[in-house]
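Encoded as structure tokens, the structure appears first; notes follow it.
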Amino acid sequence: MRKVVAAEFVSLDGVMESPDQWHFPYFNEEMGQAVGEGFAAADAMLMGRVNYEEWAAFWPGQDPQENPMAAQMNSMKKYVVSTTLEEPLGWQNSTLISENVADELAKLKQGEGGDIVISGSGALVRSLLRYGLLDELKLMIHPILVGSGKRLFEEGEEQTKLELVDSKTFSTGVLYLTYRPAQG
């Protein structure tokens, strides 16, 4: 059975929006290795429409010689969860999931293959937690208060218990925490 793993960059005040505005001063070899390991264990990505549109506009134009992740990102299977997108934007290996989302994702988990990774797509992460379809939540909590922006967990979310299964502190002060939904 495959695992669905969300890997998120988050500020200390819970903001996940626009990490390109605050994340890079904390990126180092340790973090690069952790991100790389997460993608190496995966053979598919799961994303919401907004994230998909942003990445579909970026990754296909990247030169694999200059950006080593480009080949992997472009060749990896991509599942896009959206009720507003009519068809994927032409990014190779993209499949749209627009109906019976929980059922379709449960089927994907039952299939053969590696992990299915999510990066970004906060609304999707929250809904996967609600439906019991998220197996791991990997947070890279940055030591910065961003102040405003979309948060990974919004006010009014249902209480969900998680269990800490791993933690590391990078030399930049970023905490790398791995959680799983608590049993019982």
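If you check Glu37 against the conditions, is it farther than 25 Å from Leu162 by Cα and open to solvent by 50 Å² or more (accessible area, probe 1.4 Å)? Answer is no for this residue.
Taking region 81-119 as the range and being in contact with a helix residue (DSSP H, G or I) (Cβ under 7 Å, 6 or more places away or on another chain) and either open to solvent by 30 Å² or more (accessible area, probe 1.4 Å) or of a type in the set (Asp, Glu) (or both) as the test, the residues that pass are Thr84, Leu89, Gln92, Asn93. Pairs linking a residue in region 168-179 that is among the charged types (D, E, K, R) to a residue that is open to solvent by 50 Å² or more (accessible area, probe 1.4 Å), with Cβ atoms under 9 Å and 6 or more positions apart or on different chains, are Lys168/Glu30; Lys168/Leu175.
Would you confirm, using the coordinates I've provided, whether Val146 is out of contact with any helix residue (DSSP H, G or I) (no Cβ under 6 Å at 6 or more places or on another chain), part of a loop (DSSP other than H, G, I, E, B) and surrounded by 15 or more Cβ atoms within 10 Å (Cβ to Cβ)?
Spelling it out, Val146 is indeed out of contact with any helix residue (DSSP H, G or I) (no Cβ under 6 Å at 6 or more places or on another chain), part of a loop (DSSP other than H, G, I, E, B) and surrounded by 15 or more Cβ atoms within 10 Å (Cβ to Cβ).
Scanning region 105-143 for residues that are of a type in the set (S, T, N, Q) and either in a loop (DSSP other than H, G, I, E, B) or free of Cβ contacts under 8 Å to residues at least 40 places away in the same chain (or both) gives Ser119, Ser121, Ser127. Against the test of being at pLDDT below 95 and either within 16 Å of the chain's Cα centre (by Cα) or open to solvent by 40 Å² or more (accessible area, probe 1.4 Å) (or both), the options Glu136, Glu163, Glu158 yield a single qualifying residue, Glu158.
For the structure I just gave you, tell me whether Glu163 is in contact with a helix residue (DSSP H, G or I) (Cβ under 7 Å, 6 or more places away or on another chain) and not small (Gly, Ala, Ser). Talk me through it step by step, then tell me what you get.
Working: in contact with a helix residue (DSSP H, G or I) (Cβ under 7 Å, 6 or more places away or on another chain): no; not small (Gly, Ala, Ser): yes.
So Glu163 fails the test.
The values are calculated or read from the model by the stated rules, or taken from the named source; none is laboratory data. On a predicted model such as this, the values are computed, not experimentally measured, just so you know. Quick reminder, even Gly has a Cβ in these numbers, built from the backbone with ideal geometry, and neighbours come from all protein chains shown. The protein model used for the area step is the full one, side chains on, heavy atoms only, and it has no ligands, DNA or RNA in it. Shrake-Rupley method; radii C 1.70, N 1.55, O 1.52, S 1.80 Å.
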